[in-house]
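Scroll down for the structure; my scribbles are underneath it.
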Amino acid sequence: QVTCIEVVEAYVERIKEVNPLINAVVKDRFEEALQEAQQVDKLLSEGPGDDYLEEKFPLLGVPITVKEAFSLYGMPNTSGLVNRRNVIATSDATVVSRLKQAGAIPLGVTNCSELCMWYESSNRVYGRTNNPYDLQRIVGGSSGGEGSVLAAACSVIGVGSDIGGSIRMPAFFNGVFGHKPTTGVVPNDGQFPDAHGVRTSYLCTGPMCRYAEDLEPVLRVMAGPGVSKLKLNEKVSLEKIKFHCMDHDGGSVFVSPVDKEILEAQKKVVEHLESDLGVRVQRVAIHKMKYSFQIWSAMMSSKDSDGQEAQRFTDLLGDHGKPVWPLWELMKWLVGMSSHTLPAIALGLTEKLVNLNLSGKAKLVSMGKSLQEEMEALLGPDGVLLYPSHPTIAPKHHSPICMPFNFAYTAIFNVLGLPVTQCPLGLGSEGLPLGIQLVAAAYNDHLTLAVAQYLEKAFGGWVLPGKV
């Protein structure tokens with residue numbers, strides 16, 4: 001009905017219209033995208049046949065955006081680090097290459113937090129990204145530019161990565177869908193910083209979309225041959241899923257209590273599942289979840305099976321140069337002289353504290369392994385857990401520094417290696433997105449994706465910002 005060039009032009013115009021407000025796209029490739037759209041239209045006019053094209057190019061002509069932490073040929077690849085501001089990608093990250101080969105057209109790269117290790121997307125290279133539902137609110141991190149650009153209807157598909165909730169928090173704060181796949185299915189190659197040591201088991205690359213039905217085809221392309229580990233061809237019978245529900249982490253002192261509106265939204269999901277599907281949602285209280293932040297932190301800084309130490313954040317801040325001294329950077333920051341953000345400096349300062357109590361750390365790592373076994377046993381081959389995406393709706397800018405560990409609600413599932421889909425549940429009283437995490441046992445991504453599509457129909461999914 002429309003040409004590819006018309007589609008790409010429409011998205012380019014949309015970005016030009018709203019990006020001055022949200023600052024999500026930090027570098028565009030509009031000219032190249034329009035040329036690629038012309039090639040798609042030429043290919044379609046030559047008519048090798050729709051079936052052939054659909055099989056060979058499942059995402060033919062679809063406009064996408066890419067988190068700036070991923071290599072996209074000809075685009076910057078700084079991850080918000082000032083001393084990388086001149087780094088231009090000379091190749092594509094594996095997932096970017098696969099999406100391009102499937103016919104997708106990248107429009108540009110989007111903002112993230114400094115070194116992708118904070119849940120507000122702001123840095124000294126590109127500045128701060130704003131939430132399209134309220135410009136005074138955060139977009140989450142580290143894939144915050146993707147969350148914002150999708151919510152503002154500037155892109156169809158986003159490429160995100162997630163080591164502590166970096167896909168799911170932005171998807172939640174911006175009212176879109178985000179999927180953290182089972183660990184080890186989608187390759188992480190070609191992003192900075194890449195994971196080393198134990199963190200290779202916790203970092204996940206995955207899709208972010210406005211519509212739930214787009215998650216699966218994009219995940220198939222991203223996973224490539226790895227898709228065989230998943231059961232995406234299995235038909236899901238929602239009535240046969242064993243649903244479990246947990247309202248909060250049990251009351252961690254490090255984390256905010258869950259907002260009433262988030263609890264109310266989760267309650268409505270439970271009521272709808274029970275009345276519409278005739279299932280019984282089992283309430284559970286998993287005691288170890290109370291220590292989510294401590295478990296994540298200990299496991300992130302532990303040695304791998306070969307005894308290799310986890311890479312230090314202060315070394316990453318120096319980016320192959322001299323390691324950064326966080327205390328000195330803090331002094332510089334106080335007088336406006338540091339090229340780093342306060343959250344990055346704070347993370348550098350706290351990094352050393354984790355390794356001071358080695359026996360306590362070993363106990364937490366052991367607790368994490370035990371929690372993983374408990375979760376796998378609970379969920380089994382047909383279970384889905386409903387769990388808050390975050391304890392609060394999108395906070396105002398800068399406020400995360402007051403409650404820095406609230407990301408524990410998403411982070412715990414990285415170290416457990418479980419697939420999770422963040423699903424929007426409409427807007428709350430302040431016009432800000434609500435949502436829920438859908439969690440399954442390893443390699444059961446098909447269950448959470450199916451439930452996300454079901455809840456999208458029931459609760460409306462993505463809502464255009466500004467629509468009353």
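Here are ALA37, ALA69, ALA10: which of them is over 24 Å from the mean Cα position of the chain (by Cα), open to solvent by less than 70 Å² (accessible area, probe 1.4 Å) and touching a residue at least 40 places away in the same chain (Cβ under 8 Å)?
ALA37
Among the conditions (1) in contact (Cβ under 8 Å) with a residue 12 or more places away in the chain; (2) surrounded by fewer than 17 Cβ atoms within 10 Å (Cβ to Cβ), LYS267 misses just one, which is (1).
So if I check each of GLU17, GLU120, GLU13, which one is closer than 30 Å to HIS398 by Cβ, in a helix (DSSP H, G or I) and among the acidic types (Asp, Glu)?
One residue alone meets the criteria, GLU17.
For LEU150, the conditions (1) modelled with pLDDT of 95 or more; (2) open to solvent by 20 Å² or more (accessible area, probe 1.4 Å); (3) in contact with a Ser or Thr (Cβ under 9 Å, 6 or more places away or on another chain) are fulfilled apart from (2). Being β-branched (Val, Ile, Thr), out of contact with any Phe, Trp or Tyr (no Cβ under 6 Å at 6 or more places or on another chain), open to solvent by 20 Å² or more (accessible area, probe 1.4 Å) and under 20 Å from ILE167 (Cβ atoms), is that true of even one residue in the range 443-466? The answer is yes; a qualifying residue exists.
There is no residue in the range 263-273 that is within 30 Å of LEU432 (Cβ to Cβ), part of a loop (DSSP other than H, G, I, E, B) and modelled with pLDDT of 95 or more.
Of the residues VAL236, VAL258, VAL227, VAL253, only one is within 20 Å of the chain's Cα centre (by Cα) and β-branched (Val, Ile, Thr); which?
Residue meeting the stated conditions: VAL227.
Of all residues in the range 292-306, those that are assigned to a helix (DSSP H, G or I) have Cβ atoms under 6 Å from Cβ atoms of residues that are at pLDDT below 80 and open to solvent by 30 Å² or more (accessible area, probe 1.4 Å), 6 or more apart or on another chain, in SER297/VAL354. The residues of the range 131-147 that are out of contact with any strand residue (DSSP E or B) (no Cβ under 9 Å at 6 or more places or on another chain) and either under 17 Å from THR205 (Cβ atoms) or buried (at least 24 other Cβ atoms within 10 Å of the Cβ) (or both) amount to a single one, PRO132. Please determine whether any residue of the range 40-60 is among the aliphatic types (A, V, I, L, M) and under 20 Å from PRO132 (Cα atoms). No, the range 40-60 contains no residue that is among the aliphatic types (A, V, I, L, M) and under 20 Å from PRO132 (Cα atoms). Check MET208 against each of (1) surrounded by 24 or more Cβ atoms within 10 Å (Cβ to Cβ); (2) outside any strand (DSSP E or B) and name the one condition it does not meet. Result: MET208 passes all but (2). Taking first residues from the range 191-216 that are farther than 12 Å from HIS179 by Cα and partners that are among the charged types (D, E, K, R) and not in a helix (DSSP H, G or I), the Cβ contacts under 6 Å between residues at least 6 apart in sequence or on separate chains come to GLY197/ASP304; VAL198/ASP304.
Based on this model, can you work out whether LYS303 counts as open to solvent by 30 Å² or more (accessible area, probe 1.4 Å), under 26 Å from the mean Cα position of the chain (by Cα), charged (D, E, K, R) and at pLDDT 95 or above? No: the conditions fail for LYS303.
Do we have any residue at all in the range 417-425 that's buried (at least 24 other Cβ atoms within 10 Å of the Cβ), within 18 Å of the chain's Cα centre (by Cα) and among the small types (Gly, Ala, Ser)? The answer is no; no qualifying residue exists. Would you tally the residues in the range 110-136 being within 16 Å of VAL66 (Cα to Cα), out of contact with any helix residue (DSSP H, G or I) (no Cβ under 8 Å at 6 or more places or on another chain) and modelled with pLDDT of 95 or more? Qualifying residue count, the range 110-136: 1. Can you tell me which residue within the range 429-442, out of those that are in contact with a strand residue (DSSP E or B) (Cβ under 9 Å, 6 or more places away or on another chain) and farther than 19 Å from CYS245 by Cα, is most open to solvent (accessible area, probe 1.4 Å)? Within the range 429-442, the match that is most open to solvent (accessible area, probe 1.4 Å) is GLU430.
The values are calculated or read from the model by the stated rules, or taken from the named source; none is laboratory data. Keep in mind that this is a model prediction, so the values were computed, not measured. Note that each Cβ is placed from the backbone with ideal geometry, even for glycine, and that neighbours are counted across all protein chains shown. Side chains included, ligands, DNA and RNA excluded: accessible areas come from the protein's heavy atoms. Shrake-Rupley method; radii C 1.70, N 1.55, O 1.52, S 1.80 Å.
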